[in-house]
Amino acid sequence: MNITKKAFGTTPDGQEVELYTLTNDNDMTIKITSYGAIVVSLFVPDQDGKVADVVLGYEKLDGYLQNDPYFGCIVGRYANRIAKGKFSLEGREYTLAQNNGENALHGGLVGFNKVVWECETVQTDDIVGVRLSYLSKNGEEGYPGNLNVNILYSINNNNELKIDCEATTDKATVINLTHHGYFNLKGHDTGDILNHEVTINADRYTPTDETAIPTGELADVDGTPMDFRSATTIGARIEDDFEQLKLGNGYDHNWVINRSKDDLALAAKAVDKTSGRVLEVFTTKPGVQFYTGNFIEGQKGKDGAVYKKRGGFCFEPQFFPDSPNQPQFPSAVLHPGEVYQHKMAYKFSVSK
Ligand code: BGC
């Protein structure tokens, strides 16, 4: 296993950005930049051993300075939506930017995907990795508390990408970190993902209103196009006349992962039959947002690719959307003295 580092450009305010390349002994290569803690490329073999880059992304730093789809990044301080950009905590109301209609989305105007992280390489007998750290100051994007965030991205020889997140605060705050990779297991530049077979380990999901905020209900997937308890292609029901799919312009919902305790549980799986590539996603958090790239619209990506609607899908493990305003959901509050932890694993293999 091996790690190399090179320059990846300079931000408009003069900060130097790095690109780390991590390689294991089984043909897996991942490129991670210090800008936004973004996975720029992820190469894995198919059933014949042929390697392809299976994540959407930009060729250069420039693309990531805008990055409306949030390709490949760590999203924070609060991934997903907070209704009307407001929440109350310990008797105080906090106001966030309304950057998604009237709601707050993905940490605000300058979220964790648009800052430069401190990096340190890690290598042991079993893994190669990069540890990224960022101090989000009290009041940044309207959130309370100085929040120290650490993310360890690592790969091992089982072709697993592990993402271990930790954070501490000096004042009560809310936190919801996730990874926002867009996958296309045929290859990032091969068109839409509608033929991927998806399984989601969930009996229930959180239906939303027309602004993508959960209604608070945990609805049964049974008998609906939201039922992915057995493998179904993404395209099979995506255009069904089902209110939630109309509201989301496709799949853009949080599923309630079936689990008994807070350990690493299987959230979802995708299989691309043409290449044989398989992705399984594990998390220690209660939910997973399954998003089918409904708002991708002509982004110019790596290798001259132009990404189209549904050119990639995301499995984003996390707390449920809008948890700060929905006391019946698992709490996303972090207090001083506690350590926020979120472990995610993206495991690649091939089906025979
Ligand atoms: C959200 C989508 C949003 C996308 C890009 C996803 O996590 O669920 O609604 O369009 O991120 O911001």
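Just so it is clear, none of the values below were taken in a lab; they were calculated from the coordinates. This is a predicted model, so every value here is computed, not measured. For neighbour counting, all protein chains shown are included, and Cβ atoms are generated from backbone atoms with ideal geometry for every residue, glycine included.
In region 1-29, whose amide N lies under 12 Å from the spot 7 Å out along Cα-to-Cβ of Leu65? List them in ranges.
The answer is 9-15.
Post the alpha-carbon centroid distance, region 1-42 to region 223-273, in whole angstrom.
Taking the Cα centre of each part, region 1-42 and region 223-273 sit 31 Å apart.
Out of Val271, Phe228, Leu247, whose Cα points farthest toward the positive end of the dipole of region 190-317 (charges: +1 Lys, Arg; -1 Asp, Glu; placed on Cβ)?
In region 190-317, that residue is Val271.
Ranked by Cβ crowding within 10 angstrom, fewest neighbours first, how are Ile155, Ile213, Ile38 ordered?
Values: Ile155 25, Ile213 21, Ile38 29.
In increasing order of surrounding Cβ atoms, one gets Ile213, Ile155, Ile38.
For Lys60, give me every one of the aspartates and glutamates with a C-alpha distance below 14 angstrom, ignoring sequence neighbours fewer than eight places off in its own chain.
Within reach: Glu16, Glu18, Asp303.
Around Ser230, what is the net charge, scoring Lys/Arg as +1 and Asp/Glu as -1 over all other residues with Cβ under 14 Å from its Cβ? Don't jump to the answer; show the numbers that get you there.
Working: positive: Arg229, Arg237, Lys269; negative: Glu197, Asp203, Asp222, Asp227.
Local charge sum for Ser230: -1.
If the only charges are +1 at each Lys and Arg Cβ and -1 at each Asp and Glu Cβ, what is the size of the charge dipole of the chain around the Cα centre, to the nearest 20 debye? Walk me through the intermediate numbers first.
Values: 34 positive and 48 negative charges, 55 e Å.
Using Cβ point charges on Lys, Arg, Asp and Glu, the chain gives about 260 debye.
Between Val339 and Asn157, how high is the FRET efficiency from 1/(1 + (r/R0)^6) when r is the Cβ-Cβ distance and R₀ = 35 Å? Nearest 0.05. The partial results should precede the final answer.
Numbers: r = 29 Å, r/R0 = 0.82.
The calculated FRET efficiency here is 0.75.
Quick check for me: using +1 on Lys/Arg Cβ and -1 on Asp/Glu Cβ, what's the dipole size of region 7-141 about its Cα centre, in debye to the nearest 20? Display every interim value, and only then the final one.
Numbers: 11 positive and 20 negative charges, 138 e Å.
About 660 debye.
Take the chain, connect every pair of alpha-carbon atoms lying under 10 Å apart with a spring to form a Gaussian network, then pick out the residue of Tyr94, Tyr307, Tyr78 with the largest mean-square fluctuation.
Tyr94
So if each residue of separation counts as 0.36 nm, and I subtract the Cα-Cα distance between Asp27 and Glu210, what length gain in nm does that give? Intermediate values should be presented prior to the final figure.
Working: separation 183, 0.36 × 183 = 65.88 nm, distance 4.34 nm.
Full-extension gain reported as 61.5 nm.
Quick one: check the C-alpha center-to-center distance for region 65-136 versus region 295-331, whole angstrom.
Here the two parts' Cα centres lie 13 Å apart.
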